[in-house]
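The values are calculated or read from the model by the stated rules, or taken from the named source; none is laboratory data. Owing to the predicted nature of the structure, the values given are computational and were not obtained by experimental measurement. Using ideal geometry, Cβ is built from the backbone for each residue, glycine included, and neighbour counts are taken over all protein chains shown. In case anyone asks, the SASA skips ligands and DNA or RNA and just uses the protein heavy atoms, side chains included. Shrake-Rupley method; radii C 1.70, N 1.55, O 1.52, S 1.80 Å.
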Amino acid sequence: MITSTETMTTRDGVTLVATLWRPAGTGRFPVLLSRTPYGRAEQGPGLHLDLPRLVAAGYAVVVQDVRGTGDSDGAFRFIAGEAADGYDAVRWAATRSWSDGNVGMFGDSYLGITQLLAAQERPEGLRAIAPHVAPAGLHEVVYSSGVPNLNIVLTVSAFVLAVNELDRRIKRGTAQESGKNAYLAALGFPDRFAETMQELAERLPLSDQPLLADLVPFYAGWMDHPDPAAELWRDGVVHYDEIEVPALVGTGWYDYFRDASLGHYQHLRGGSRLVVGPWAHYTQDGDVGGRDFGEQASQDAIDWTGLHLDWFGQWLRGEPAPERARVTYFLMGADEWRTAADWPPPAARRAAYHLGPGGTLGTIPAGGGGGEFVCDPDHPVPTVGGAVMMFDAFGPLDQRPLDERDDVLRYRSEPLDGALEVTGAVELVVLVSSTATGTDVAAKLIDVHPDGRAELLTDAITRVTDLVPGEVREVKVELGAISNLFRPGHRIRIDVAGSNFPRFGRNPEKGTTTIHDPSYVMLPIIS
C-alpha cells in the first residue's frame, strides 16, 4: 500500500488537502472518496471502514479535509458550501493518474451529508454513495420541530469543532498548546465535563456562549435564527430530486439522524439499500448505553466493510449484485436481524393506542385520558438517555429515575399476553391547551419489563406557539421510527411532559399544559 498527500484547487481557488492510500505498483483504480472536517487519520471519526482492506481489494482511498479544516485552506462553513466543493473533489478524483474514472463516496455523519450534497451536483464519474448516520440539512441538525437540538449542537460545537479549530491554529502557528489546555480546563475536561456542559446549556440566551464566540463563530447565528427559511440555512439542504446515483444508507435506532437516514433511503429508492442497527451515533458494537444486544448486533458481526465492498464492487466495477435484501434492520427485544422488501415494511399496519383514565393505554377509546403538567424552564424534566451525545448516558436507559416527578404524564398498557412487534414510524397525537401562549410537548415511547425496568425506545418534542390561553389545539409529535418486540408480560408506555433538557432546549414560557380527549399514539404493528 502506498500513502501520499495530495492537493487540489477548488473553482474559487482554495487549496484542499487529502491523504491517498492506493495499491502498490502502477495502474488505475476505482476511487473511494470521503470528505471530513474531523481529520484524515486512517481510523478517524466517521471512517468506520477498514481502509487497508479497501486498498487490498483494489481501490484507491482518498480522505480529504473539507475547506477550513485540517490542512485545507479557506474558512470552515459547516455544511454550507459542501455541494460545490464536493463536485470539484469528485471531478478531481476521477481525473487523477491513479484513477480509472469511477468514484464512490463513503463515511458517517458530516462525511455522509457531504456525499449527498456532492451527488446532487451530478459530477461525472460519481457512481454510488454510502452515507451512514447522515443528516439531510443544516437546519435539522440544529433544530427539531422548532426546538434546538441543544445537547447535540452544543456538545459538538464545544468539544469537537472548537478543539479541532484550536488544533488547526496550533499547527499553523497562530495558537499555542497552552491555549488549548486552557480551553479544555475551562470545559472541565475530563473530570467536570458533564457538569460544565450542563452549565453551558443553562445559559440564556442560547447564543451567549463566550467560550465559542471565537472558535465556533457560526454557533450564535444558529441559535438566533430558528426560522428554517432564514438565509443561513439555504446552502446546506439536500435536494433529493437532483440525485441520480444509488445509496447504501446506514443508521441506528439511537442515532440522532435516524429519521433523516430513513428519509434518504425513501427518497432515493432506485437501487438503494438500507441497513439499520441498534446503534447510537458513535457506537457500532452490540452494547448501547449498557444494554447488551448481543455480539450479532455489531457492525463487525455483519461485516460492515464487506457490505461496502459488495456495494462498490457492483456500482464501480460492474460486479454481480450480491443476494441481499433491500432493507435489513435489527429487531430489538428479539435482538435479531430481520429483512424487508422496502421501508417501511409493507407488512406494517397502523394501530391507535388511546391515552385513557388513570394513566392507561389501550386500543379501545375509554375517555378520561386527560391530564396536565407544568412546563417550567426553571425546573425542566432532565434528559435520561436517548439519541444524545452524552458519552456515559445515552441509548435505552431506564426511565425510573424520573418516576417521582409530578410534571410527567405516564400512560401504560396492561401486560401483553403475547409478543407485539412495533416496526416503523411512531406518532403521538394529542389535544392540548395551555395557560401560556406557547408550550412544548415532549414524548417518549418506553418498553416496560416485568421487573419494572422502563427502557427508552425513542423520544421527540414539538413546540407549540401562538396559543390563545385555554384554546384546544391538536399537536402531533413525530416520535420517529423504531423496531422493537414487546415481549409477553411487557407493557407499552408513553410519557408526556413539557421538556427533555438538555437534549432539547427549554421553552422560555412557564405554564400549565392540559391534555384532552381524544388523544392517542399511533403504532406500526407487524403481526
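Filtered by the rule that a residue be surrounded by 16 or more Cβ atoms within 10 Å (Cβ to Cβ), polar (S, T, N, Q) and either at pLDDT below 95 or out of contact with any helix residue (DSSP H, G or I) (no Cβ under 8 Å at 6 or more places or on another chain) (or both), segment 21-73 gives a lone residue, Ser72. Selection of segment 353-363 for residues being open to solvent by 30 Å² or more (accessible area, probe 1.4 Å) and in contact (Cβ under 8 Å) with a residue 40 or more places away in the chain yields His354, Thr360.
Restrict the check to segment 242-251 and report whether at least one residue is surrounded by 18 or more Cβ atoms within 10 Å (Cβ to Cβ), in contact with a Gly (Cβ under 7 Å, 6 or more places away or on another chain) and closer than 27 Å to Leu138 by Cβ. The answer is yes; a qualifying residue exists.
Let's see how each residue does on (1) assigned to a strand (DSSP E or B); (2) at positive phi; (3) touching a helix residue (DSSP H, G or I) at 6+ places or on another chain (Cβ under 9 Å); (4) surrounded by 16 or more Cβ atoms within 10 Å (Cβ to Cβ):
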site	(1), (2), (3), (4)
Pro450	no, no, no, no
Leu456	yes, no, no, yes
Ile494	yes, no, no, yes
Asn507	no, no, no, yes
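State whether the residues of segment 236-251 include one that is outside any helix (DSSP H, G or I), under 18 Å from Val156 (Cβ atoms) and at pLDDT 95 or above. Outline the logic, then answer.
If we filter segment 236-251 for residues that are outside any helix (DSSP H, G or I), which is where we start, we get 237-239, 243-251.
With under 18 Å from Val156 (Cβ atoms) added as a condition, the list becomes 251.
Still in the list and also at pLDDT 95 or above: 251.
Taking every residue of segment 236-251 in turn, at least one turns out to be outside any helix (DSSP H, G or I), under 18 Å from Val156 (Cβ atoms) and at pLDDT 95 or above.
Tell me which residues, restricted to segment 396-432, are assigned to a loop (DSSP other than H, G, I, E, B) and more than 27 Å from the chain's Cα centre (by Cα).
Filtering segment 396-432 for residues assigned to a loop (DSSP other than H, G, I, E, B) gives 396-397, 399, 403-407, 413-419.
Once the filter is applied, which keeps residues that are assigned to a loop (DSSP other than H, G, I, E, B) and more than 27 Å from the chain's Cα centre (by Cα), segment 396-432 yields Asp403, Glu404, Arg405, Asp406, Asp407, Ser413, Glu414, Pro415, Leu416, Asp417, Gly418, Ala419.
Among residues of segment 84-102 that are within 18 Å of Leu116 (Cβ to Cβ) and assigned to a loop (DSSP other than H, G, I, E, B), none has a Cβ under 8 angstrom from a residue that is open to solvent by 30 Å² or more (accessible area, probe 1.4 Å) and among the aromatic types (Phe, Trp, Tyr) at a sequence gap of 6+ or on a separate chain.
Has segment 179-200 got any residue that is closer than 26 Å to Pro508 by Cα, among the acidic types (Asp, Glu) and part of a helix (DSSP H, G or I)? Lay out the reasoning, then the answer.
First pass over segment 179-200, keeping only residues closer than 26 Å to Pro508 by Cα: 187, 193-200.
This time we only want the ones that are among the acidic types (Asp, Glu), so: 195, 199.
Next, only the ones that are part of a helix (DSSP H, G or I) stay: 195, 199.
Within segment 179-200, one or more residues are closer than 26 Å to Pro508 by Cα, among the acidic types (Asp, Glu) and part of a helix (DSSP H, G or I).
The combined condition, being surrounded by fewer than 18 Cβ atoms within 10 Å (Cβ to Cβ), within 25 Å of Ala425 (Cβ to Cβ), of a type outside the set (S, T, N, Q) and free of Cβ contacts under 8 Å to residues at least 40 places away in the same chain, is not fulfilled by Gly306. If the condition is being under 24 Å from the mean Cα position of the chain (by Cα), part of a loop (DSSP other than H, G, I, E, B) and under 17 Å from Leu309 (Cα atoms), then segment 47-78 contributes Leu47, His48, Leu49, Asp50.
Take the residues of segment 420-431 that are in contact with a Ser or Thr (Cβ under 6 Å, 6 or more places away or on another chain) and open to solvent by less than 10 Å² (accessible area, probe 1.4 Å): which is farthest from Gly470 (Cα to Cα)? Even if it seems obvious, please write down each step before you answer.
So in segment 420-431, the residues in contact with a Ser or Thr (Cβ under 6 Å, 6 or more places away or on another chain) come out as 423, 430-431.
With the extra rule that they be open to solvent by less than 10 Å² (accessible area, probe 1.4 Å), the set shrinks to 423, 430.
Working: Thr423: 36, Val430: 15 Å.
Among them, the one singled out is Thr423.
When the residues of segment 327-346 are filtered to those that are in a loop (DSSP other than H, G, I, E, B) and not hydrophobic (A, V, I, L, M, F, W, C), which remaining residue is surrounded by the most Cβ atoms within 10 Å (Cβ to Cβ)? So that I can check it myself, show each step before the final result.
First, the residues of segment 327-346 that are in a loop (DSSP other than H, G, I, E, B): 333-335, 341-346.
This time we only want the ones that are not hydrophobic (A, V, I, L, M, F, W, C), so: 333, 335, 342, 344-346.
On the way: Gly333: 20, Asp335: 16, Asp342: 13, Pro344: 18, Pro345: 18, Pro346: 9.
Looking at residues that are in a loop (DSSP other than H, G, I, E, B) and not hydrophobic (A, V, I, L, M, F, W, C), I get Gly333.
Kindly provide the set of residues from segment 341-382 that are charged (D, E, K, R) and either closer than 30 Å to Tyr329 by Cα or in contact with a strand residue (DSSP E or B) (Cβ under 9 Å, 6 or more places away or on another chain) (or both), ordered by number.
Restricting attention to segment 341-382, the residues satisfying the condition of being charged (D, E, K, R) are 342, 349-350, 372, 376, 378.
Within segment 341-382, Asp342, Arg349, Arg350, Glu372, Asp376 qualify.
Would you confirm, using the coordinates I've provided, whether Arg77 is at negative phi, out of contact with any strand residue (DSSP E or B) (no Cβ under 8 Å at 6 or more places or on another chain), charged (D, E, K, R) and surrounded by fewer than 16 Cβ atoms within 10 Å (Cβ to Cβ)? Answer is no for this residue. One residue stands out among those in segment 259-283 that are open to solvent by 20 Å² or more (accessible area, probe 1.4 Å) and in a helix (DSSP H, G or I): the one that is nearest to Ala393 (Cα to Cα), which is Asp259. Just one of (1) buried (at least 20 other Cβ atoms within 10 Å of the Cβ); (2) closer than 20 Å to Phe312 by Cβ fails for Trp98. It is (1).
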